[in-house]
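The values are calculated or read from the model by the stated rules, or taken from the named source; none is laboratory data. Bear in mind the structure is a predicted one, so any value in this text is a computation, not a measurement. Backbone-built Cβ (ideal geometry, glycine too); neighbour counts: all protein chains shown.
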Amino acid sequence: MKKHANGSGRLPDRQLKSVSYAKWGYFFIIPFFVVYICFTLVPQFLTIYNSFFENYRDGLNEIGPNYVGLDNYETLFTADSSGTIRILKYTSNTMVMWFIGALPQFVIAMLLAIFFTSARLNIKGQGFFKTVIYMPNLIMAAAFSMLFFTLFSRVGPIQALLVEKGWIDASFDFFSHRITVRGMIAMMNFLMWFGNTTIVLMAGIMGIDQSLFESATLDGANAWQVFFRVTLPLLMPIFVYCLITAMIGGIQMFDVPQVLTKGNGAPNETTRTLVMYLNGYLANKNYGMAGAISVIIFIVTGALGGVVYRMLSAQYKDSSRQRRQRKGDVI
Amino acid sequence: MKKVFAILLAALMLLSVVGCAEKTPSTPAATKAPDKPAEQGKVFNIYAWNEEFKGFFEKYYTIPEGVTVNWIINPSDNGVYQQKLDEALRNQDKASADEKIDLFLAEADYIGKYVNSNYTMDVTSFGFQNAPTQYEYTIKAASDDNGVCKGVSFQCCPAAVIYRKSIAMDILGTDDPVEVQAAMDNWEKFDALAAKAKEKGYYMTASFAETFRAFSNNCTKPWVDADNNLQFDPQITAWMDQTENYIKNGYTLTAGIWDTEKTNEMFKAGKTFCFFGPAWYYNFCMNNAMDPENGCVGDWRIVKGPQAYFWGGTWLLAATGSDNTDMLKEIFETFTVNEDVCSKLVSEQNQFPNNTKVVEKFAQDSSYGNTAILDGQNDIAIFAELAKDIKWENHTNYDQLLNEGLQNKLQEFYNGSVDKETAMKNFYNYVKETYANINVPEA
């Protein structure tokens, strides 16, 4: 191994040169690409293709496919009688619900990750805590949603408890107020995902060289300074990864609101997400419209992912450049 | 050594991929259906949306030896059952004999979609003859536009008002069905009674949609006209007006028709006077009333109510391509012409069977009474009168999702989260989304 690392320039070793493990690497990843192309890439292109056709079922009969150009997209962006462009409404619903769930998710996950990895706190029984906070993620989202529905329903225990305490009126309905329904959905997403984020962020923090923290402390940095000047910049790649995957998951939010509101997105469709909209069209196999929505979701996801990535990784690059510059100054 | 290992691993992986690929083409070989028509299949597949018929089937039908019956059950909500069924039917040709659907269940709201397709077959093709004892409308519903019958129903579904005896006593000073009926034999009287109930601290009904079927199954025009325009029958608008009034005055609850909040009202502690339903309602919806601890068995009576109507009904349809036609014939006969089974459906299950002869027998029998819930009142006699008037007309294939959608969207208006205009706009959007071919007034 050491010989190898020293460079083959000095020792012309024919045998070593001929063994290239790289090609085996390619060989091993073939199955993934085959599966990916068959089950993801091809359907993706088919979806785009389908979005240009009128194709749905009337009863058991298939209507179409008839080529209609961009008609499906035009329908999507046409305002209804009250002047609402529904896809925009659902996009903003999705984003709002994701954001109010993701904000506490990242704040708390970051806090926990720091606590758990802190050498100074040295928390005991980490395995237990990590398991517990990850637990909600093991429950099926639909089942979790059903649980919340039962808990907060008009005849559920929460309602009964709050009425008894006199905090809410007996006629109060958690499911007829935008803020409570959205709150429940965000709460569930938060509960399900903060454990996962904590564990990923912890792994990220543990990958940072401990001596950096030590030297920062020795130099007199306080906890805030250590966090903002050492932990965060070095954690940025993992953080960006977490944020982008969470966001993609957020845009595809479906099962929690679907089950909680029985597919209605009540009240007044303010909790209806993009994928619920898509699902509405699939009731009658309307592949044209569903395809068009999918394409929009794809574009939105790509655009947002790109923006977040650029914004945060630019910052990360900036800070590492600054560090390098500072180092240069010292030298 | 490493190289050998690497090659081995790579070969293994490749093999697994090839292995998967090889497996796929081998399946169609098994799909060759036996061509001999006389030979009967060994697997009988039934599609259903709940366990109701399964219970009767397992109890009253003897499965021929060597045949396995598979139940494929998907919930009806949001059209899931229809979606799954449609997919399976469209693949019926390609499915192997043992995977083909033999029998599937369909509800009044969408039966037309299936009987008017080639996915169901003429019952006479396997020797079943509709008997004169079957209710006319059940045959009409299961027949296509040319009158070819594709299946049967094991029940007839005239519906009535099921009320709480003790509450009637409190409001009207009597619990006698004749007098209670006299107090609610039209909608004006029913509304007036609702006000009285409210004064005494009761709800007239427990769901905003409780009376929906009483109106909607008396429509004089279908949901869509010949040009596929959505239209509102005066009966539907009458229901909307009544409900708006009931909600405003607190005569009913904002719960949906299947919600726990509504069914909880059937407990003894419930404050609701009337429930609307046919005979299947007892077993299917009134479990809380029959609860040994908190229920109130025997505190119920049945009357015709303000308007005769029917609600639902489950039809058994023969799927084209079934290789178990003998069994289909037997099942159809068991649940329609077999008087013994039809009698047991009444005496053991409190159902209202699709056999006029059996119905008459129970209706005339002064010793018969429904003891499960009505404390011995002869409900068959009341249902038998109502069943005579049931007509099958003005139905469309879209009824289930339109009825469901209208109720769901209006519920938000009734519980105060949106105004009526917004609720209707949401309904129109929903229709447009669900059925691209229906023209809605303004979306």
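Could you identify the single residue in B:Leu105, B:Leu85, B:Leu89 that is in contact with a Phe, Trp or Tyr (Cβ under 9 Å, 6 or more places away or on another chain) and assigned to a strand (DSSP E or B)? Testing whether each residue is in contact with a Phe, Trp or Tyr (Cβ under 9 Å, 6 or more places away or on another chain) and assigned to a strand (DSSP E or B) leaves just B:Leu105. Taking the conditions (1) touching a Lys or Arg at 6+ places or on another chain (Cβ under 9 Å); (2) surrounded by 18 or more Cβ atoms within 10 Å (Cβ to Cβ); (3) more than 14 Å from chain A (Cβ to nearest Cβ); (4) assigned to a helix (DSSP H, G or I) in turn, B:Glu244 satisfies each one other than (2). What number of residues within segment A:15-25 satisfy the criterion of being modelled with pLDDT under 75 and assigned to a helix (DSSP H, G or I)? Number satisfying all stated conditions: 4. For segment B:422-442, filtered to residues that are of a type in the set (Val, Ile, Thr) and facing chain A (nearest Cβ under 7 Å), the residue that is farthest from the chain's Cα centre (by Cα) is B:Thr422. Checked against the criteria, B:Glu385 does not count as free of Cβ contacts under 8 Å to residues at least 40 places away in the same chain and more than 10 Å from every other protein chain (Cβ to nearest Cβ). Just one of the numbered conditions (1) within 14 Å of another protein chain (Cβ to nearest Cβ); (2) farther than 30 Å from B:Phe128 by Cα is not true of B:His395; which one? Looking at each condition in turn, B:His395 falls short on (2).
From the list B:Ala160, B:Ala142, B:Ala214, B:Ala168, the one residue that fits, being buried (at least 23 other Cβ atoms within 10 Å of the Cβ) and more than 28 Å from B:Asn354 (Cα to Cα), is B:Ala168. For beta carbons closer than 6 Å, sequence separation of 6+ or different chains, a first residue in segment A:20-48 that is over 20 Å from A:Leu282 (Cα atoms) and a second that is of a type in the set (Gly, Ala, Ser) and surrounded by 10 or more Cβ atoms within 10 Å (Cβ to Cβ), the qualifying pairs are A:Trp24/B:Ala6; A:Phe27/B:Ala10. The single residue among A:Asp255, A:Asp219 that is crowded, with 16+ Cβ neighbours inside 10 Å and of a type outside the set (Ser, Thr, Tyr) turns out to be A:Asp255. Exactly one residue among A:Met311, A:Met276 is more than 10 Å from every other protein chain (Cβ to nearest Cβ), crowded, with 17+ Cβ neighbours inside 10 Å and under 21 Å from the mean Cα position of the chain (by Cα), and that residue is A:Met276. In this structure, does B:Lys420 turn out to be touching a residue at least 24 places away in the same chain (Cβ under 8 Å) and under 30 Å from B:Gln181 (Cα atoms)? Considered against the rule, which asks whether it is touching a residue at least 24 places away in the same chain (Cβ under 8 Å) and under 30 Å from B:Gln181 (Cα atoms), B:Lys420 comes out as no. For segment A:26-82, the candidate set comprises residues that are aliphatic (A, V, I, L, M) and part of a loop (DSSP other than H, G, I, E, B); within that set, the residue that is surrounded by the fewest Cβ atoms within 10 Å (Cβ to Cβ) is A:Ala79.
With the requirement that a residue be under 22 Å from the mean Cα position of the chain (by Cα) and surrounded by 12 or more Cβ atoms within 10 Å (Cβ to Cβ), what does segment A:141-179 give you? Selection gives A:Ala141, A:Ala142, A:Phe144, A:Ser145, A:Met146, A:Phe148.
Does B:Gln400 fit the bill of being in a loop (DSSP other than H, G, I, E, B) and either in contact with a Phe, Trp or Tyr (Cβ under 6 Å, 6 or more places away or on another chain) or in the same structural domain as B:Asp144 (by TED's automatic domain parsing) (or both)? For B:Gln400, the condition - in a loop (DSSP other than H, G, I, E, B) and either in contact with a Phe, Trp or Tyr (Cβ under 6 Å, 6 or more places away or on another chain) or in the same structural domain as B:Asp144 (by TED's automatic domain parsing) (or both) - is not met. Within segment A:81-122, the set of residues being β-branched (Val, Ile, Thr), at pLDDT 90 or above and within 22 Å of A:Ile208 (Cα to Cα) comprises A:Val107, A:Ile108, A:Ile114.
Taken over segment A:107-140, the criterion of being under 30 Å from A:Arg178 (Cα atoms) and surrounded by 20 or more Cβ atoms within 10 Å (Cβ to Cβ) is satisfied by A:Ala109, A:Met110, A:Ile133.
When B:Phe383 is tested against (1) more than 30 Å from A:Ser81 (Cα to Cα); (2) surrounded by fewer than 23 Cβ atoms within 10 Å (Cβ to Cβ); (3) not β-branched (Val, Ile, Thr), just one condition goes unmet, and that condition is (2). The set of residues in segment A:43-75 being more than 13 Å from every other protein chain (Cβ to nearest Cβ) and of a type in the set (S, T, N, Q) consists of A:Gln44, A:Thr47, A:Asn50, A:Ser51.
Residues that are touching a helix residue (DSSP H, G or I) at 6+ places or on another chain (Cβ under 8 Å), polar (S, T, N, Q) and not in a helix (DSSP H, G or I) are absent from segment B:55-70 altogether. Go through the residues of segment B:106-126 one by one and say whether even a single one is farther than 13 Å from B:Gly151 by Cα, away from chain A (no Cβ under 12 Å) and touching a residue at least 40 places away in the same chain (Cβ under 8 Å). Taking every residue of segment B:106-126 in turn, at least one turns out to be farther than 13 Å from B:Gly151 by Cα, away from chain A (no Cβ under 12 Å) and touching a residue at least 40 places away in the same chain (Cβ under 8 Å). Where strands (runs of 3 or more DSSP E) sit wholly within segment B:269-384, those with at least 2 residues that are at pLDDT 90 or above, assigned by TED's automatic domain parsing to the domain that holds B:Gln129 and closer than 30 Å to B:Lys42 by Cβ occupy B:314-318.
Does B:Ile390 satisfy the criteria of being at pLDDT below 90 and buried (at least 23 other Cβ atoms within 10 Å of the Cβ)? No: the conditions fail for B:Ile390. Is one or more of the residues making up segment B:309-316 more than 23 Å from B:Asn354 (Cβ to Cβ) and not acidic (Asp, Glu)? Within segment B:309-316, none of the residues are more than 23 Å from B:Asn354 (Cβ to Cβ) and not acidic (Asp, Glu). Applying the condition of being in contact (Cβ under 8 Å) with a residue 60 or more places away in the chain and of a type in the set (Val, Ile, Thr) to segment B:127-142 and asking which residue is nearest to the other protein chains (Cβ to nearest Cβ) yields B:Thr138. Filtered by the rule that a residue be among the basic types (Lys, Arg), surrounded by 16 or more Cβ atoms within 10 Å (Cβ to Cβ) and over 21 Å from the mean Cα position of the chain (by Cα), segment B:83-108 gives a lone residue, B:Lys100. Residue count for segment A:158-171, restricted to those that are touching a helix residue (DSSP H, G or I) at 6+ places or on another chain (Cβ under 6 Å) and either touching a residue at least 40 places away in the same chain (Cβ under 8 Å) or not in a loop (DSSP other than H, G, I, E, B) (or both): 1. Considering every residue within segment B:290-304, establish whether at least one is in contact with a strand residue (DSSP E or B) (Cβ under 7 Å, 6 or more places away or on another chain), surrounded by fewer than 21 Cβ atoms within 10 Å (Cβ to Cβ), within 14 Å of chain A (Cβ to nearest Cβ) and basic (Lys, Arg). Looking through segment B:290-304, none of the residues is in contact with a strand residue (DSSP E or B) (Cβ under 7 Å, 6 or more places away or on another chain), surrounded by fewer than 21 Cβ atoms within 10 Å (Cβ to Cβ), within 14 Å of chain A (Cβ to nearest Cβ) and basic (Lys, Arg).
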